[in-house]
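The values are calculated or read from the model by the stated rules, or taken from the named source; none is laboratory data. Fair warning: this is a prediction, and the values are worked out from it, not measured in the lab. No Cβ is skipped: glycine too gets one built from the backbone with ideal geometry, and neighbour counts run over all protein chains shown. The protein model used for the area step is the full one, side chains on, heavy atoms only, and it has no ligands, DNA or RNA in it. Shrake-Rupley method; radii C 1.70, N 1.55, O 1.52, S 1.80 Å.
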Amino acid sequence: MSKALISIEGLIKRFPMGNSEFTALKGFDLKIEQGEFCGLVGPSGSGKTTVLNIIGSLDIPSEGKVNVLGNDISSLTPKAAAKLRNEHIGFIFQTYNLLPVYTVYENVELPLLLLGYGKEKRKKMIMDALEWVDLIDKRDSRPSQLSGGESQRVAVARAMVKRPEVVLADEPTANLDSKNSFNILSMMENLNKELKTTFLFATHDEKVMKYLRRKISLVDGKIAKDEIIK
Amino acid sequence: MLSIKLAFRNLVGAGKRAWLNIIVLSIVYVMIIFMVGMIKGVFGGIEHDTQVMEYGNGQYWSEDYDPHDPINLRDYHQSYTQYKAYFTPDVAAPILITPATVYTEGRSSGALLKGIVPEQTVMQMPTEKLLTKSNYIPAMIGKQMAKHANLAEGDIITLQVRDKKGVFDAVDAEVVYIMQHDIQTVDNGQIWIPLDELQDLLGMKNEATLITVSEDFDHQISGWEFKDLDFLLADIRLLTFQKSTGAAIMYVMMLGMAAMSIFDTQMLAVFRRKKEIGTLIALGMTQRHVKALFTIEGIYYAILGIAIGLVYGIPLLLYTSIKGINYGSFAEDMGVNLGSIIYPEVSLSLIINVTIVVAVIIMVVSYLPARSISKLNPTQVLKGK
Ligand SMILES: Nc1ncnc2c1ncn2[C@@H]1O[C@H](COP(=O)(O)OP(=O)(O)OP(=O)(O)O)[C@@H](O)[C@H]1O
Ligand SMILES: [Mg+2]
């Protein structure tokens, strides 16, 4: 038995397409260890988001085994999948996905509310997370009042606040300029070093690739190259 | 607990649109209570007043008497001589009715001439006014009759009737009193004069068309048909029922529109907030949890709409039910001839009933859109599709 944080064996994912099926992931193996700062790279449509969704238990494999933190994704009940996401996985999206009617503070608080943490504990954790992303002074702002860079930093804080084992980041810099992109990436790199959080990106952004310590190239639903950098 | 808290945040955050819905709902809610109370007030009042004014505790009708048959009215009368001893003014009031032609200032019109014992106390009509001294026969009419015939107190009118044998006769009468109440069955087209005067005029000594009795009347009189209050008030009750059912249907439709607007808001919200739903799922909510969140959000509309409605509605309803409201045209629309002041009859049970109906409808329209959340695919909604 491998101790890998994430372990994928023979993953195949098919989507129904009218009467036939479309095979997005064509069967590959992959292991990701704790503390990695790695990324799935590849052209549009190569299946990066699909892999992230399955690792994040938002979707299930058509064939093959995907194990995340000891959980077999295929056999999770909706409730168990929600628990896995809630307790151990943080998501960061290209479009930030902040809840528009909540303040920055409330957005970051949400995962902790779902975990059922008490008020004092929540407050301390939220303030820590806002400090990591340097947004303490924006705690009462609403998402509509934030810039893109600030919004994505809130999203990073929301993903990190519960100190999950894994953060899945799908094109986190695609809507950001280079200054903000580097800013976000170095924040995530620091958190990865400090908290030993595993980061898995899906990206075709060169700026992100510069930070990656492992680059997994996905082409047409298969791993074409898997290289350790540095 | 969490859903309750988050739903409240969503509602507060949703801003104007949410509050608009809540306020519309609260207005509809108060309107329903108010209008139903209004109808109850109108007809409840009429029923009660009609009873005390005209029907006492019931009436004995002479054989074949049919109030809806004015053509043959002259034929419905019969003698009560054998029971006369029991007819003290406080327990029985014989009434003789005959059609008459009224001449006023050269104009003539038809009317019902009714003879009644002035001293009677069975009906709450102020018949004692017929004891007013006059050189003519003292007559009493209602305010509607006075208005339509353009009559005032002190006016002299000529009454033409046909006596028992069919012979025409005419007498002058003085309007000694105009009744100011709103009971049309003793008002419109009617002239009240002392019973003995009418009996003399028609040659019908000790005869009456009907006898109104009080609760204390405890004799059997044969040859007369007893009509109890249920029978006498049936028309009014049917009218009340029809009007309040009609109005209730109308206000349920209004409620339906308010409900549609909430349904629409929530349905739209489910589509507009797909990405948000996906995000909540990614953060660790189950779809059932999100569904509960949206349902509770809808239920807040009901709770807040009702709560706000109660805050301004209760004082408003209390105030109007004490002070009454001037609603003359409303009364005419209802097809009844009433006074212009109406006192809505708002009871706790009415409020509770309307509250339950409103709450149930809002919960249903909140649940239906939320139900579709369970059918969404989380990876799709995350893309906002
Ligand atoms: N729900 C779905 N139904 C049908 N086809 C799908 C579905 N989701 C993804 N696909 C298809 O699977 C393939 C891989 O999609 P995926 O979103 O994983 O690509 P990607 O590598 O993330 O691309 P991009 O860089 O554009 O985000 C694409 O061809 C896509 O059209
Ligand atoms: Mg993608």
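Can we say B:I39 is open to solvent by 60 Å² or more (accessible area, probe 1.4 Å) and either modelled with pLDDT of 80 or more or outside the structural domain of B:S222 (by TED's automatic domain parsing) (or both)?
The answer is no for B:I39.
Quick one: would you say B:V167 is open to solvent by 20 Å² or more (accessible area, probe 1.4 Å) and of a type outside the set (S, T, N, Q)?
The answer is yes for B:V167.
Considering (1) within 7 Å of chain B (Cβ to nearest Cβ); (2) open to solvent by less than 40 Å² (accessible area, probe 1.4 Å); (3) not small (G, A, S), say which one A:L98 fails and leave the rest.
(1)
Select, from A:L200, A:L218, A:L168, the only residue that is within 16 Å of ligand 2 (Cβ to nearest atom), open to solvent by less than 10 Å² (accessible area, probe 1.4 Å), within 14 Å of chain B (Cβ to nearest Cβ) and modelled with pLDDT of 95 or more.
Being within 16 Å of ligand 2 (Cβ to nearest atom), open to solvent by less than 10 Å² (accessible area, probe 1.4 Å), within 14 Å of chain B (Cβ to nearest Cβ) and modelled with pLDDT of 95 or more holds for just one of A:L200, A:L218, A:L168, which is A:L168.
Taking interchain pairs and intrachain pairs at least six residues apart, which have beta carbon atoms under 8 angstrom, with the first residue in the stretch A:43-66 and free of Cβ contacts under 8 Å to residues at least 60 places away in the same chain and within 11 Å of ligand 1 (Cβ to nearest atom) and the second open to solvent by less than 20 Å² (accessible area, probe 1.4 Å) and part of a loop (DSSP other than H, G, I, E, B)?
Every condition considered, the pairs that remain are A:I54/A:P61.
Can you tell me which condition B:L304 does not meet? The list is (1) touching a Phe, Trp or Tyr at 6+ places or on another chain (Cβ under 7 Å); (2) more than 14 Å from chain A (Cβ to nearest Cβ), and all the others hold.
The number of the failed condition is (1).
For the stretch A:111-118, does any single residue satisfy the condition of being within 9 Å of chain B (Cβ to nearest Cβ) and surrounded by 24 or more Cβ atoms within 10 Å (Cβ to Cβ)?
Yes, there is a match, as at least one residue in the stretch A:111-118 is within 9 Å of chain B (Cβ to nearest Cβ) and surrounded by 24 or more Cβ atoms within 10 Å (Cβ to Cβ).
Out of the residues in the stretch A:1-56 that are assigned to a loop (DSSP other than H, G, I, E, B) and of a type in the set (S, T, Y), state the one that is farthest from A:I92 (Cα to Cα).
Ranking the candidates gives A:S2 first.
Okay, residues lined up against (1) more than 14 Å from chain B (Cβ to nearest Cβ); (2) touching a Gly at 6+ places or on another chain (Cβ under 9 Å); (3) buried (at least 19 other Cβ atoms within 10 Å of the Cβ):
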{"position": "A:K83", "(1), (2), (3)": "no, yes, no"}
{"position": "A:I89", "(1), (2), (3)": "no, yes, yes"}
{"position": "A:D134", "(1), (2), (3)": "yes, no, no"}
{"position": "A:R139", "(1), (2), (3)": "yes, no, no"}
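Can you tell me which condition A:N175 does not meet? The list is (1) touching a strand residue (DSSP E or B) at 6+ places or on another chain (Cβ under 8 Å); (2) within 16 Å of ligand 1 (Cβ to nearest atom); (3) of a type outside the set (G, A, S), and all the others hold.
For A:N175, the failing item is (1).
Within the stretch A:36-53, which residues are away from ligand 2 (no atom under 13 Å from the Cβ) and open to solvent by less than 20 Å² (accessible area, probe 1.4 Å)?
Across the stretch A:36-53, the qualifying residues are A:F37, A:C38.
Scan the stretch A:195-215 and give yes if some residue there is in contact with a Pro (Cβ under 8 Å, 6 or more places away or on another chain), more than 15 Å from ligand 1 (Cβ to nearest atom) and over 18 Å from A:K31 (Cβ atoms), otherwise no.
Taking every residue of the stretch A:195-215 in turn, none turns out to be in contact with a Pro (Cβ under 8 Å, 6 or more places away or on another chain), more than 15 Å from ligand 1 (Cβ to nearest atom) and over 18 Å from A:K31 (Cβ atoms).
Is it true that some residue in the stretch A:57-79 is of a type in the set (G, A, S), over 22 Å from A:E189 (Cβ atoms) and part of a helix (DSSP H, G or I)?
Yes; the residues of the stretch A:57-79 include at least one that is of a type in the set (G, A, S), over 22 Å from A:E189 (Cβ atoms) and part of a helix (DSSP H, G or I).
Could you list all residues from the stretch B:206-255 that are among the hydroxyl-bearing types (S, T, Y) and at pLDDT below 90?
Correct list: B:S214, B:S222, B:T240, B:S244, B:T245, B:Y251.
Within the stretch A:54-72, which residues are within 18 Å of A:G27 (Cα to Cα), hydrophobic (A, V, I, L, M, F, W, C) and either open to solvent by 20 Å² or more (accessible area, probe 1.4 Å) or more than 13 Å from chain B (Cβ to nearest Cβ) (or both)?
A:I60, A:V66, A:V68 - these are the residues of the stretch A:54-72 that are within 18 Å of A:G27 (Cα to Cα), hydrophobic (A, V, I, L, M, F, W, C) and either open to solvent by 20 Å² or more (accessible area, probe 1.4 Å) or more than 13 Å from chain B (Cβ to nearest Cβ) (or both).
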